[in-house]
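The values are calculated or read from the model by the stated rules, or taken from the named source; none is laboratory data. Because the structure is predicted, anything quoted here is derived from the model rather than measured. When we count neighbours, we look across all protein chains shown, and the Cβ atoms used for this are built from the backbone with ideal geometry, even at glycine.
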Amino acid sequence: MADGRKSMLVIASWYPSKDNPIAGTFFKEQCELLSSVYDVTVLKINSYSSLFLKYCAKRISGRDISIEPIGQREGLREYDIHVYRPMTLALKNNLYGRFTIKRKGLAGLGSVDCKAEKKFWKTHMERLINKIDGSYDLVYGISAQGTAVYAMLLAQTLGVPYILSEHSPFMIPGTSLNDTFKTSVEGASAFLAISKDKVRQILMQNIKLKRICYMGNMIDDEKFSFRPSPHDDKTFLIVAANSFYKNYDLFIKTMDRLSEIATVPFKVIVAGYGANKGYSQAADELLRKIRGSKFSDRVELIPEVSREDIPLLYNRADAFVMTSIQEGQPVAAIEAACSGLPVFSTRCGGVEDYVDDSMGRIVGILDYKELADHMNDFLSGSVTYNGRHIHEKTAELFGKNNYLKKFTDIVNEVTGQSHE
C-alpha cells in the first residue's frame, strides 16, 4: 500500500475459470472496477470432502489447501482456492446438525455446526491467510451464502471488518441455513443489497442485518449504451440460461400468444441458453419446444455469446423480455435497459426497483397473456419508449461512477469505524 490505497480481500462464490468462462463474469467486472481504487485480491474458495486417509496425506504434505493463480494485473490478483476436509467430519457435522436443530428448534435454521466443524474452518482460514501475501483493510464476501463464513473467519484472523452482498435465492426458512452462516451475516458491518426483494428474502430467514446499503448491480454504462443498429422488423430479445428459474416455457407461451394477436411482423432472438455450464441444461429439449412453437419461423437462436459481443446483441434488438420465476437483480435486464431497450418482465425480483411505465412493463409471475398484450402494444406503436431516457436512467442508477461512489463511501465508513 505504498500508494496509500486501501487493500481489499474479496471472496467470490462464482468467478470465471478456464472450464466455465461465463460463470460470475459480472463479479469479475465488479472486482476490476474496484481495483481502480483499491488493491484487490480475489479468492474463489472451493471445499471438497475426501476419505480420511487421503485427507491425512494431503494435510501432512500441506496440499489440503492449494492456491492456483487465475490472473494478475495491476491492482488485481485472482486465485482459485481448494480446501480439503475429511469426509468423516462432514458426516459427523451433518448428523450433529440435524439432530441438534430438531432438539433445539431454532427459528430460521436448518442445522447447527458442531464444535469440530467450526474449529476446522477457523484453523484452515488462518492457514490460508498465512499462505497469501499482503495485509488487508477489509474483507468483502460477494454472494453471502457461498462466502459469508469464510469472510467472517478471514476478517477475524486479519482483525479487520467485513461486508457482504447476496445474489443467490434462499430456500424455505428453516430448511438449509446453519447457525455459523447466520452469525457471519449478522456480524457483517454492512450488507450491500442488490434489490429490495433480496433484503426481504434474507429477513425471512430470521437474520438481523446491522446496516443495509442499497447498491443494485454494477453496469458498465460505457460498454452498454444507446447505439441501435438499423434493422427492419421490431425484434424481441431474451438472454437467459436454460434453467427452470428462467422459465423458458412461459417465454414460449408468451411469444405464441403474441404470434396470435400481432398484426405486424416481428422477430425473436433467443440467446445464452447454451452458456454457463452446469447451470444451463437440456438445451436440446428447449430447441425442440421452440421449433414446435408458433414463432419458429421468425426466431434466431444463439446458444452462447462472448462477453465482448453482448453489447452488439442488445443493439440489434428493440425490446428485452424476461420471464423468470426468481431473480436477485438480473444483470441481463440492466444491460438491456442501459442499451436503451424497454424491459417486459415478470415480477421476479429486482426489476420492480427501477422499471416504471417509461421503461417497460412488469406483470404477474405467470401472466403470459398480459405480458404478450403489453408487447403487442409496443409492437403496434400504440405505446412507445424513449431509448435514450431508458439508458440515462439506468446509467444513473447502476452505472460505474455511481456504484463506485456508493461502494467507497461504505468502505470509508466501515474501515474508519474499525480504527476507533
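Points worth noting:
- Checking every residue in the range 53-70 against the condition of being within 16 Å of ILE129 (Cα to Cα), buried (at least 17 other Cβ atoms within 10 Å of the Cβ) and touching a strand residue (DSSP E or B) at 6+ places or on another chain (Cβ under 7 Å) gives at least one match.
- Scanning the range 19-26 for residues that are part of a helix (DSSP H, G or I) and not acidic (Asp, Glu) turns up at least one hit.
- For the range 297-330, a residue qualifies if it is more than 30 Å from ASP197 (Cβ to Cβ), touching a helix residue (DSSP H, G or I) at 6+ places or on another chain (Cβ under 9 Å) and among the hydrophobic types (A, V, I, L, M, F, W, C), and the qualifying residues are VAL299, LEU301.
- Residue match in the range 274-289 (condition: under 21 Å from the mean Cα position of the chain (by Cα) and either part of a strand (DSSP E or B) or within 23 Å of GLY340 (Cα to Cα) (or both)): yes
- Restricting the range 285-317 to residues that are free of Cβ contacts under 8 Å to residues at least 24 places away in the same chain and hydroxyl-bearing (Ser, Thr, Tyr) leaves a set whose member that is surrounded by the most Cβ atoms within 10 Å (Cβ to Cβ) is SER296.
- Positions within the range 235-273 being part of a strand (DSSP E or B) and among the acidic types (Asp, Glu), in sequence order: none
- Test: LYS246 is touching a Ser or Thr at 6+ places or on another chain (Cβ under 7 Å) and more than 19 Å from ASP309 (Cβ to Cβ): yes
- Within the range 39-59, being farther than 18 Å from LEU154 by Cα and of a type outside the set (A, V, I, L, M) holds for TYR48, SER49, SER50, PHE52, LYS54, TYR55, CYS56, LYS58, ARG59.
- Close contacts from the range 374-387, counting a first residue that is farther than 10 Å from LEU258 by Cβ and assigned by TED's automatic domain parsing to the domain that holds VAL264 and a second that is modelled with pLDDT of 95 or more and part of a helix (DSSP H, G or I), with Cβ to Cβ under 6 Å and a gap of 6+ residues or different chains, come to VAL383/ASP377.
- ASP297 passes every criterion in (1) closer than 17 Å to PRO342 by Cα; (2) not in a loop (DSSP other than H, G, I, E, B) apart from (1).
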